[in-house]
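S.K.: My questions will all concern the structure given below.
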Amino acid sequence: MRKLAVWKFASCDGCQLTLLNCEDDLLPLTDQVEIAYFPQATRAVAAGPYDLSLVDGSITTPADAERIRQVRAVSRRLVSIGACATAGGIQALRNFSDIGDFSSAVYARPEYIDTLATSTPVAAHVPVDFELNGCPIDKDQLLTVITAFLRDSKPDIPSHSVCVECKQRGTVCVMVADGIPCMGPVTHAGCGAICPSYGRGCYSCFGPQDTLNTRSLAGRFAFLGMPEPAVARTFRTFYAAAPPFATESSMHSGGGR
C-alpha cells in the first residue's frame, strides 16, 4: 500500500478540491493508496515517509520555506500542483512591487507581518519530481499523475498549446475571426479550451506551454489595439511570475517592472 500525502501552502485550496471532486474516480485506487495526510479530507494522520506528496500553494513566508524542506525530506516523490505551487500564483503579483508598501497599506501594525518579499514556486526551494499546471488543475490530469507515480512511470501530460485544443473541438480562432486578444498560443493545454468555445480569449489558467513565442503574441495584441499597460496585465494573471510571462510583461509595464 502506497502512502499519499497532500500539503497546503499559500493558495485558495482549489487544487485540493479538485482531488476531492474526483470522488468515484478514486475508488479503483483505494486498494493501492492510503491517504496518509490530507487535512482538508480527514483528521487521520499516518506517519511518513510518504510515497507521493502533492503540494498545493506557493512559498510566501519564512515558515513556509522551512516546512517545504521538511515535506521534501519525508517524501519519496513530490509533485507540485496548480499555479501557486508551480509558479507562485496570483499572489506572485507582489514580486513586481515593494512588499513593504503593501503591508503598510493593508495592516495597521505591519511590523507584525512575517512574510517574504516574493511568492515563489515549490521548485525554487526543493527538488520537484513533476509539476502539474492549472488554476485549478484538471481532474483527469491529476488522476493520470497519481496513477503514473503509483506505477513508477512518468505522467503522460500533453505539452501543446490551447490552440491545439481549439482545433480538436472545432472552435474557430477568436483572435483571427473576431480580433479578440487570446493567450491560447502561449498557454499550456489542459482546460479543453473552455473560454474560446464561448467566444472569449484564453486567460492562461494553465500557464506557459513548453515552446512559446511571447514576443510575437504581444506584437499581435498591439496590432489589435491593446495599449502597453494592458499587454503587461494580460501576462500578469494566474502565472504572473512564470519566467516567460514575467519577462514579457516587464517589457510593457514601464520602468522594467
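The values are calculated or read from the model by the stated rules, or taken from the named source; none is laboratory data. Because the structure is predicted, anything quoted here is derived from the model rather than measured. Heads up, the Cβs are rebuilt from the backbone with ideal geometry, glycines too, and the neighbour counts pull from every protein chain shown.
S.K.: (1) among the β-branched types (Val, Ile, Thr); (2) surrounded by fewer than 24 Cβ atoms within 10 Å (Cβ to Cβ); (3) at pLDDT 95 or above: which one isn't true of Thr60, the others all being true?
M.R.: Condition (2) is where Thr60 drops out.
S.K.: Here is a follow-up. Could you count how many residues in region 184-206 are part of a loop (DSSP other than H, G, I, E, B), touching a strand residue (DSSP E or B) at 6+ places or on another chain (Cβ under 8 Å) and either more than 23 Å from Phe223 (Cα to Cα) or not assigned by TED's automatic domain parsing to the domain that holds Phe221 (or both)?
M.R.: Adding up the residues that qualify gives 5.
Table: residues versus (1) out of contact with any Leu (no Cβ under 6 Å at 6 or more places or on another chain); (2) free of Cβ contacts under 8 Å to residues at least 60 places away in the same chain.
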residue	(1), (2)
Tyr107	yes, yes
Glu111	yes, yes
Thr118	yes, no
Asp129	no, yes
Cys135	yes, no
Asp140	yes, yes
Thr147	yes, no
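S.K.: While we're here: Could you check, for region 184-203, whether at least one of its residues is of a type in the set (A, V, I, L, M, F, W, C), more than 18 Å from the chain's Cα centre (by Cα) and modelled with pLDDT of 95 or more?
M.R.: no
S.K.: Next question. Could you tell me which residue of region 205-230 is surrounded by the fewest Cβ atoms within 10 Å (Cβ to Cβ), considering only residues that are within 22 Å of Asn133 (Cβ to Cβ), touching a His at 6+ places or on another chain (Cβ under 8 Å) and of a type outside the set (Asp, Glu)?
M.R.: Among residues in region 205-230 that are within 22 Å of Asn133 (Cβ to Cβ), touching a His at 6+ places or on another chain (Cβ under 8 Å) and of a type outside the set (Asp, Glu), the one surrounded by the fewest Cβ atoms within 10 Å (Cβ to Cβ) is Ala218.
S.K.: Can you tell me which residue is surrounded by the most Cβ atoms within 10 Å (Cβ to Cβ) among those in region 75-102 that are within 8 Å of the chain's Cα centre (by Cα) and not small (Gly, Ala, Ser)?
M.R.: That would be Cys84.
S.K.: Could you grab me the full set of residues in region 140-165 that are over 17 Å from Thr211 (Cβ atoms) and hydrophobic (A, V, I, L, M, F, W, C)?
M.R.: Leu142, Leu143, Val145, Ile146, Ala148, Phe149, Leu150
S.K.: Now, a different point. Here is a list of conditions, (1) hydroxyl-bearing (Ser, Thr, Tyr); (2) in contact with a helix residue (DSSP H, G or I) (Cβ under 6 Å, 6 or more places away or on another chain); (3) without any contact (Cβ under 8 Å) to a residue 40 or more places away in the chain, and Tyr239 meets all of them except one; can you say which number that is?
M.R.: Of the numbered conditions (1) hydroxyl-bearing (Ser, Thr, Tyr); (2) in contact with a helix residue (DSSP H, G or I) (Cβ under 6 Å, 6 or more places away or on another chain); (3) without any contact (Cβ under 8 Å) to a residue 40 or more places away in the chain, the odd one out for Tyr239 is (3).
S.K.: Looking only at region 103-129, how many residues end up being surrounded by 15 or more Cβ atoms within 10 Å (Cβ to Cβ) and touching a Pro at 6+ places or on another chain (Cβ under 6 Å)?
M.R.: Final tally of qualifying residues: 1.
S.K.: Report, ordered by the first and then the second residue, all pairs with beta carbons closer than 9 Å, sequence separation of six or more or different chains, a first member in region 174-189 that is within 17 Å of Asp210 (Cα to Cα), and a second member that is of a type in the set (Lys, Arg) and surrounded by fewer than 23 Cβ atoms within 10 Å (Cβ to Cβ).
M.R.: Sorted first by the residue in region 174-189, then by its partner, the pairs are Pro185/Arg220.
S.K.: Just to verify a result, which residue in region 234-257, among those that are modelled with pLDDT of 95 or more and surrounded by fewer than 15 Cβ atoms within 10 Å (Cβ to Cβ), is nearest to Asn133 (Cα to Cα)?
M.R.: Pro243
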